[in-house]
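No lab work stands behind these numbers, since they all come straight from the coordinates. It should be emphasised that the depicted structure is a prediction, and the values quoted were computed from it without experimental measurement. As a convention, Cβ positions derive from the backbone with ideal geometry for all residues, glycine included, and neighbour counts pool all protein chains shown.
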Amino acid sequence: MLIDLSVALNERTPVYPGDPATKISSAGTFDHNGYQDHYISIGTHVGTHMDAPSHMIEGGKNLDEFPIERFS
């Protein structure tokens, strides 16, 4: 069984101390562009995430190198 632990991503989502704040701005509106779009700038330690061994170990594995079953 998998349980979704995701939290909403917005400009109030906590970040790791010292990391950049999340910024979300308009990149298109219906009135001006005919569509709605956003530009999102985040650090890698925002919201729900999992650090891979490669984050702290040179040559360590990335998350895509683990089978999904490893996380259940």
*Could you run through the stretch 1-56 and say how many residues are assigned to a helix (DSSP H, G or I) and surrounded by fewer than 12 Cβ atoms within 10 Å (Cβ to Cβ)?*
4
_Given (1) touching a helix residue (DSSP H, G or I) at 6+ places or on another chain (Cβ under 7 Å); (2) at positive phi, index of the condition residue 60 fails_ = (2)
_Selection from the stretch 57-72 of residues that are surrounded by 10 or more Cβ atoms within 10 Å (Cβ to Cβ) and part of a loop (DSSP other than H, G, I, E, B)_ = 60, 61, 62, 66
